[in-house]
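Coordinate-derived values only; no laboratory data. Bear in mind the structure is a predicted one, so any value in this text is a computation, not a measurement. A quick note on method: Cβ atoms are made from the backbone with ideal geometry, for glycine too, and the neighbour counts reach across all protein chains shown.
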Amino acid sequence: MSMALAVRRLSRLRHFSTQVSLRSNPDARDHGPTAGKYRGDRGSSSTKSSVDAQESAKFAALSGTWWDELGPFKPLHAMNPVRLLFLRSGMCRHFKKDPISPRPLDGLTILDVGCGGGLLCEPLARMGAHVTGIDAVEENIEVAKLHAAKDPLTATILYQHTTAEQLVQEKQQFDIVAALEVIEHVPDPMDFLQSLSLLTKQDGAVVISTLNRSPTSYSLAIFAAEYILGWLPKGTHDWSKFLTPEEVALLMERASLTVRALLEEMTGMFYDPLKQTWRLADDLSVNYIAWAAKRGE
Amino acid sequence: MVGAAVACGLVSSPLTRSLKIAVIDGSPISFDKVKKSDIPDPRVSSITPATVSFCKDIGTWDDLKSKVAPFDSMQVWDYAGLGYTRYNAADVDEPVLGYVVENGILVSSLRARLQGSDVDLLCPTQVDSVIFPHRVGGLPEEEGSNWAHVNLKDGRSIATRLVVGADGGKSKVRKMAGISTTGWDYMQEGLICTVRVDEHHSTAWQRFLPTGPLALLPMNDDFSNIVWSTTPEKAKELKSLPSEDFVNAVNNALTKDFSPPPKSGFAEVLTNRFLSPYFGNLAPSATEEFQFPVKVKSVETDRLSFPLSLSHARSYAAPRVVLVGDAAHTVHPLAGQGVNLGFGDAAALIKVLEKGVRCGLDVGEISLLNEYENTRKFANLPMMAVLDGFQRIFSTDSGPVNALRAAGFNLVQSFGPLKKLVISSAMSNGFSGLPGLLRI
């Protein structure tokens, strides 16, 4: 899609949201009304933060239930295998690893931003990767640490209560940076993607998954999931913060991340209610996951 | 047997090969390949082509193929003499309907496969108890072990991510996991023995008597296997008969008792003339006349018997435990499906565990095991219901029911598409061959 068309689409975003603002100058410092802070912030906000206090509070309340497969995070548990399969095949392809090997990610470093209770970190560690998980909500990190310690295969995961921006300041870099189901909760997607890009090594990759802003996603992910089926607590998602695949692709380009072909490396995920499983699909209208390679200089 | 099959499958798959596996069995391993003894053991199973395909995948078919007896046709009728059905492998363009094989040979082929692998074979060993991690609400307990512990009678204890309960109908693992069963006693016993018949044949014969079905299955040379499901009293009587009298009893039950053999009926003519032209493809066996089964000459082994019942575990999976084979379900032997359902379970479990490793999941995770359970219940329950239904229909002696059975026989015999459906369902270990809505 042409840049002009994309820009026009993006400007329409302002009508829907008072919170998301796309600035052409990524270095601007004014945040707007929802500037995030750490919980118990000690006052140093010269670093922009991708943390939104309201959003953090929502997750802190549920922190004890991350690993209850039948609890409030059941949809995420159900979605996990599909996300992992996508990640695994993307990583094997990108880094030329053997997909049949039981530990194909040996030697790779992965950062999971917004790791929550560690649902993604643990399987990635079992696949052989060296995993670091970060989250803005301290309770989540505590839960993740406790759970990962139970299995020797996952006890090597490094969990930290910090933000992506903080790690950028520390000049850390990883082979793969993953932020699944996070970008719809941050105040500034552009800045967030910039941080993710800076945290990725040359020839590495970034993986994002989120919800599309479409009528279908409103009726399924908000209305049905939160109000009818009760899968998610009401207010979990703010539809105006959802991003379309085109927007994500554009933001990624600006952050020096290449999404080679929109449909090749972006895949939709949908839930099959008859079989009660999630699947990967071409339809990006509700949930989708995107893979982007860090461009060389 | 099914447990060993699971182990073989895991070892054969590149993804799961790296898992540490231990197989615990009460009977000793004997690695000398069981020579096909002259007289076949009466404990046999009839395996379907789907099971054969599984055996090929796990690497045991090469060992088995010279030791199995194929059958390519089947004849089913009842004591009322009103109808019969003949099935032929040619109806579905296949060379065989299935194979008859001694259970001992199946087991030894599996063990031979495991012999060269990394699997720990703890045999003979008895399990004393199994302790599963306690879950508070939906969450694992804070303290306490994350693993399941299998305590053996010799004092050893093994910590594991997943316990596969393949310890038969009276499964200890199932009991310790707190999984209950439903089901009922059929008030029947299955009497088995090996016999010699007057000529080699490749047909499976089954006649439903008022007390239960009598099946004659072909084996190598002029040997055949008898499976006679009948009342406990009759079974006792049959076991105590001198050999000659027993042979006569079998021959009479297959041919003379109760009524003369069936002939083509009105219903058959109707279907042939009116229905089949629309659906075409008359199965070759539709025009086959009723045949008399081969005659039994002598009994070659002891007559053994075991009680028959239906049972089904309420769930096949719980955290860190999963049930396969008879531990999960037992069925009436009238269609020889028991072993095939078990191997179907093994194949499904291996697939699910492969997926677990591919996704980096903990293989004892309940969400993974639930996937296995849903797949297998969907496949097993309809089959069990059908078999149970057959068992009831064939045990009921009343005019209308007899006529119903006759109509059923005739319909299946002459209506090609229905017969093909029946055969392909049986051959593929379940109803996954059904078109449309039920297709998985």
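Please tell me the relative contact order of the stretch A:151-297 in percent, rounded to the nearest whole number, where contacts are Cα pairs under 8 Å and at least six residues apart. Don't jump to the answer; show the numbers that get you there.
On the way: 243 pairs, mean separation 38.8, N = 147.
Reported relative contact order: 26 percent.
Mind listing the long-range amide H neighbours of B:V321? Cut-off is under 5 Å, sequence gap 5 or more, other chains count too, H placed in the peptide plane at 1.01 Å from N.
B:V163
At R0 = 41 Å, how high is the FRET efficiency between B:C123 and B:T255 if r is their beta carbon distance? Nearest 0.05 is fine.
Working: r = 45 Å, r/R0 = 1.10.
According to the calculation, E is roughly 0.35.
Given H placed on each backbone N at 1.01 Å, which residues far from B:Y186 in sequence or on other chains put an amide H within less than 5 Å of it?
So B:Y186 has HN proximity to B:L308, B:S309, B:L310.
For the stretch B:2-438, build the charge dipole from Cβ charges (+1 Lys, Arg; -1 Asp, Glu) around the Cα centre, then report which of B:N220, B:A89, B:P319 sits farthest towards its positive end.
The residue sitting farthest along the positive end of the dipole is B:P319.
Please list 3J(HN,Hα) in residue order for the stretch A:107-124, calculated via the Karplus relation 6.51 cos²θ - 1.76 cosθ + 1.60 where θ = phi - 60°; whole Hz, with x for glycine and proline.
Each residue's phi maps through the Karplus curve to give x, 9, 9, 10, 10, 10, 8, x, 6, x, x, x, 4, 8, 4, 4, x, 5 Hz.
Which shape class, rounded, prolate or oblate, goes with the stretch B:2-438 when its Cα gyration tensor gives a ≥ b ≥ c as root eigenvalues, a/c under 1.5 marks rounded, and past that a/b bigger than b/c marks prolate?
Details: a/c = 1.92, a/b = 1.63, b/c = 1.18.
It is prolate, given that a/c is not under 1.5 and a/b is the larger ratio.
Explain nothing, just the number: relative contact order of chain B, from Cα pairs under 8 Å at least 6 residues apart, as a whole percent.
On the way: 847 pairs, mean separation 100.9, N = 440.
Reported relative contact order: 23 percent.
How many Cβ atoms of partner chains, on average, are near each residue of A:99-105 if near means within 10 Å of its Cβ?
Numbers: counts 3, 5, 4, 10, 3, 2, 1.
Mean number of neighbouring Cβ atoms from other chains: 4.
Quick check on packing: order A:119-126, A:77-84, B:64-71 by the mean number of other C-beta atoms within 10 Å, highest mean leading. Don't skip to the end; give the middle numbers.
Details: A:119-126: 25.6, A:77-84: 20.8, B:64-71: 18.1.
So the peptides A:119-126, A:77-84, B:64-71, ranked by packing, come out A:119-126, A:77-84, B:64-71.
Determine the dipole magnitude for the stretch A:173-297: charges of +1 sit on the beta-carbon of Lys and Arg, -1 on that of Asp and Glu, nothing else is charged, the reference point is the Cα centre, and the result goes in debye to the nearest 20. All intermediate terms of the calculation are to be shown ahead of the outcome.
Values: 10 positive and 17 negative charges, 34 e Å.
Charge dipole, the stretch A:173-297, about its Cα centre: 160 debye, nearest 20.
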